Amino acid sequence: MAWGAVAGLVFLSGMALWPAFQRASLRPEENSTREVRFRYRVTIPSVPSSARRVMVWAPMPFTDTYQTLNGFEVRGPATYTIAEEPEYGNRFLVFDLSPAATSKRDSILVEIDYRVSRRRYRVVSGTNAHPPNANTDKFLRPSGLIPIDGRIAAEAATVAGRFDDPMRQARALYDHIVESVLYDKSGHGWGKGDAVYACDFRKGNCTDFHSLFIGESRALGIPARFVMGFPLPARQKNGSIPGYHCWAEFFVEPYGWVPIDASEAQKDRSRQEELFGGLDANRIGFTIGRDIRLPGASSGPLNYVIYPHVEIDGQAYSNVRAEFEFSDAN
């Protein structure tokens, strides 16, 4: 099947804002641009014999100033449509696997090969800024696991309330989280993007780090949003990817959306300056936002979306295997 043309959607425009950004540098071994073929494989290993309608939603990488979805190819026993959810503009390939299910297949496999290019960026002056015309109101409100009151608001006020400039406030929150929260996936409670868990236990994975940052930013009146995607190993040209990675962005006039990656900075403190206001090319962004309502799905809002969502006869179905691989295109 030929590569499908994909129209671009502009989501991001992070701009750097003060001299500290100019002092930060990206490491020489990091690629400035990457073009990859990213394979997104969905397997339903055991389809119930009673199944009549089987639907799959798979997120699509977005296109913005720093990332381009150049095309995609689908393989599998399925027809598909492209659907967009209206709140955040995320797009999904929606597969109707009902014919395969009713043919009594033991399992169903669908593969999507996305071709994506991304460049690293670090904004050093307003000359690179894009007009900040985004609707930011929804990024000031709480979401299911990101409250903006109580302990979240109290910590935000303690850490950054003395500053008037939102850029200085965001930097204070970022530094405090990097320096006081441990990247630790032991025990229970991590990985949900629960801002209160991260605030109380001071540990978690990337979802927890960035949920805490987003909640505290919003508590101070700074719009902030969640970006979900996958990491690309910096020193590999191909291989499998075990799981997702996420980061956050906050909005400041007149620059627009400014990126941060607090969890990667905590894992390597030498990158703390670099990962405030700039990102490397070793990642692919897929979805923005939390409490996402999939277009046409029966299920309610999902905490976040990166793995495939499957429904059988209108009910969410969890016996699904997702696998991910990449190879550099050059």
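Every number here is computed from the coordinates shown, using simple stated rules; none is lab data. None of the values given here were measured: they were computed from a predicted structure. Cβ: placed from backbone, ideal geometry, glycine included. Neighbour counts: every protein chain shown.
For the peptides 145-157, 167-179, the ranking by packing is 167-179, 145-157, with the highest mean count of neighbouring Cβ atoms within 10 Å listed first.
Applying both filters, DSSP loop and at most 12 other Cβ atoms within 10 Å, to the trypsin sites (Lys or Arg not before Pro) of the stretch 85-124 gives Lys104. Take each peptide in 209-218, 270-279, count the other Cβ atoms within 10 Å of every residue, and average; sorted highest first, the result is 209-218, 270-279. Taking the average, over residues, of other Cβ atoms within 10 Å as the packing measure, peptides 199-206, 317-324 rank 199-206, 317-324 from highest down.
If you plug the beta carbon distance of Glu325 and Glu253 into 1/(1 + (r/R0)^6) with R0 = 35 Å, you get a FRET efficiency near 0.30. Nearest 0.05, what FRET efficiency do Gln315 and Asp164 give at R0 = 56 Å with Cβ-Cβ as r? Calculated transfer efficiency: 0.65.
Take the alpha carbon gyration tensor of the stretch 124-287, find the square roots of its eigenvalues, order them as a ≥ b ≥ c, and report rounded if a/c is under 1.5; if not, report prolate when a/b exceeds b/c, else oblate.
Working: a/c = 1.58, a/b = 1.11, b/c = 1.42.
Oblate.
Straight-line cross-link partners of Lys203 among the lysines, defined as a Cα under 21 Å from its Cα and at least 8 positions apart when in the same chain: Lys185, Lys192, Lys267. Each Lys or Arg adds one and each Asp or Glu subtracts one; over the other residues with Cβ under 11 Å from the Cβ of Ala198, this totals -2.
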